[in-house]
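What follows is calculated from the coordinates using simple rules that are stated; it is not laboratory data. Source: prediction; values computed, not measured. As a convention, Cβ positions derive from the backbone with ideal geometry for all residues, glycine included, and neighbour counts pool all protein chains shown.
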């Protein structure tokens, strides 16, 4: 037999076809890569065309994968690092994302088979051009599946460093929260940051509730506000009421901020300033509580300004949407009321915006504070003597809250304690039964309100009320 014949007689072994990557994982991988490279934020990307093109089940899985990986990333990286042959090796971004996706599914999603989680992550690495590293992804994830470490539950008797790692938060954040609010509160904040926030809506008219029920939407009463509801089941965004703006998605804490501002002076405000208005949910409440007032809604981002204009268009000429930086406003003593809901670090929203924990640095707080002071001073200049300014953030950090207000106080500006305002909202039927007592317990010694995640089911918020006494 010739050599050629010997060669041709060998048994042919067909190459194993590549595993097809599910649409949800492919999109989740792309979103996480964009976030990792700083190209965009997860909340924007998860509302983008790639996600919207998915079927409802795939869209839900892609969202769960993205937010889950971002929430648990610190802990996942620590667990994965211990399984690497070279723990200190620097991995390419595509490999890090493939490993995190696989690890999150193995450790936190019970309904996904281990084989699917591993095979899909290996294929993601291959299709990203890392064929050699794909074998490492396979080996590491198989070791993780075999070990199956227990997922973090509610921590017991932990130091702040242990709590931070167990609940996948930066140690510097947790140490600060423990110092400012106590370890128990810090633990509740971390646990809240690892959970999917409830879907909360505001009903423009309570009559719409029956219409939503007919559409299969199951609701329960709000925790704090009579006009708020928590969605237990059903897609409220597909209803006619939502499309027409009669029901709106809005965190209940965000609604409460606007309620503190909206009804001041019993709806007799003639001119209202909203310094940082986008996306417009609080502006709509200001308009609702002050039906005859003219409102100036400012926004410095051109894209967000366009979105704001569309959202507030039904209010007509009574609202002016102005593309401007609030710090550059030059309308002294022109308004009866101003809301300064300023841009901030967002540490009160880590459950909703989990990648903040990976981007934010301690030194960023001073930069945020400087701009916040500038916006608040502009708001105070714009309000007439006797007028009031509500200052708010979705931050838990004193540099962005108490310290900002302290920096602007003087002979012509003083703090108005929020306790009496809580009583006014209760008498007006705006607060739910029992909410007033809980809110009073969350007032600071200065009379500010601090909503801590975990103590309330809302995002974290800080609210302060200032009054302009006169001008020298």
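When only C-alpha pairs under 8 Å and at least 6 residues apart count, what is the relative contact order of the range 251-468, in percent? Don't jump to the answer; show the numbers that get you there.
Values: 425 pairs, mean separation 46.8, N = 218.
Rounded, it is 21 percent for the range 251-468.
For residue 444 and residue 172, what is the calculated FRET efficiency with R₀ set at 22 Å and r taken between the beta-carbons, to the nearest 0.05?
So the FRET efficiency works out to roughly 0.45.
Going out from 0 in 10 Å bins, what whole percent of all Cα-Cα distances in the range 229-306 drops into each bin?
Here the calculated profile for the range 229-306 is 17, 42, 33, 8, 0.
If neighbour count is taken as other Cβ atoms inside 10 Å, put 130, 169 in order from fewest to most. Mind showing how you got there, number by number?
Values: 130 19, 169 25.
By the 10 Å Cβ count, ascending, the order reads 130, 169.
Taking 0.36 nm per intervening residue step and subtracting the Cα-Cα distance, what contour gain separates residue 55 from residue 331 on full extension?
On the way: separation 276, 0.36 × 276 = 99.36 nm, distance 4.94 nm.
Here the segment from residue 55 to residue 331 would lengthen by 94.4 nm.
In deg cm²/dmol and to the nearest 500, what is the mean residue ellipticity at 222 nm of the chain if only DSSP H runs of at least 4 residues count, each as -39500 (n - 2.57), divided by the residue total?
-13500 deg cm²/dmol
Given the chain, report the % of alpha carbon pairs whose separation exceeds 43 Å.
Working: 25168 of 111156 pairs.
Of all Cα-Cα distances in the chain, 23 percent exceed 43 Å.
Suppose we keep just the DSSP beta bridges with both residues in the chain; what percent of those would be antiparallel, to 5?
Numbers: 26 of 45 bridges.
In the chain, approximately 60 percent of DSSP beta bridges are antiparallel ones.
Relative to the compact globular guide of 2.2 N^0.38 Å, what is the alpha carbon radius of gyration of the range 332-376, as a ratio? Please list the in-between numbers first.
On the way: Rg = 13.7 Å, N = 45, 2.2 N^0.38 = 9.3 Å.
Taking N as the residue count of the range 332-376, the ratio is 1.47.
So what's the gap between the Cα centers of the range 316-355 and the range 54-105, to the nearest angstrom?
So the two Cα centres are separated by 35 Å.
For the residues 177, 72, what sequence is obtained by ranking on other C-beta atoms within 10 Å, fewest first?
Values: 177 27, 72 22.
Listed from fewest to most nearby Cβ atoms, that is 72, 177.
Under a point spin-label approximation (7 Å from Cα along Cα-to-Cβ), what is the residue 37-residue 304 distance to one decimal in nm?
Inter-label distance under the simple model: 2.5 nm.
Report the gain in length on full extension from residue 433 to residue 366: 0.36 nm times residue separation, minus Cα-Cα distance, nm rounded to one decimal. List each step's numbers first, then the result.
On the way: separation 67, 0.36 × 67 = 24.12 nm, distance 3.89 nm.
The residue 433-residue 366 span can extend by a further 20.2 nm.
Using the basic label-point model (7 angstrom from Cα toward the beta carbon), what is the residue 230 to residue 294 distance in nanometres?
It works out to 4.3 nm between the two label points.
Give the Kirkwood hydrodynamic radius (Å, one decimal) of the range 356-457, defined as one over the mean of 1/r across all pairs of different Cα atoms.
Details: mean 1/r = 0.0647 Å⁻¹.
Hydrodynamic radius (Kirkwood, Cα only) of the range 356-457 equals 15.4 Å.
How would 345, 195 line up from fewest to most surrounding beta-carbon atoms within 10 angstrom? Show your work: numbers first, answer last.
Numbers: 345 23, 195 12.
Fewest-to-most ranking of 345, 195: 195, 345.
Just grab the label-to-label distance for residue 86 and residue 112, each label 7 Å out from Cα along the Cβ direction, in nm (one decimal).
2.8
Determine the gain in length on full extension of the stretch residue 139-residue 238; use 0.36 nm per residue of separation and subtract their C-alpha separation, reporting nm with one decimal.
Working: separation 99, 0.36 × 99 = 35.64 nm, distance 4.34 nm.
Contour length minus the Cα-Cα distance gives 31.3 nm.
Before anything else, pin down the relative contact order of the range 23-147: Cα pairs under 8 Å, at least 6 apart, normalised by residue count, whole percent.
Working: 122 pairs, mean separation 29.7, N = 125.
24 percent.
How large is the direction-averaged shadow of the alpha-carbon convex hull of the range 23-147, in nm²?
Values: hull surface 28.8 nm².
Mean projected area of the Cα convex hull: 7.2 nm².
Which value results when the Cα radius of gyration for the range 151-259 is divided by 2.2 N^0.38 Å? Before the final figure, lay out the partial values.
Details: Rg = 18.1 Å, N = 109, 2.2 N^0.38 = 13.1 Å.
This ratio for the range 151-259 stands at 1.39.
Using only alpha carbon pairs under 8 Å that are at least six residues apart, calculate the relative contact order of the range 269-320 and give it in whole percent. Walk me through the intermediate numbers first.
Details: 65 pairs, mean separation 22.3, N = 52.
This gives 43 percent for the range 269-320.
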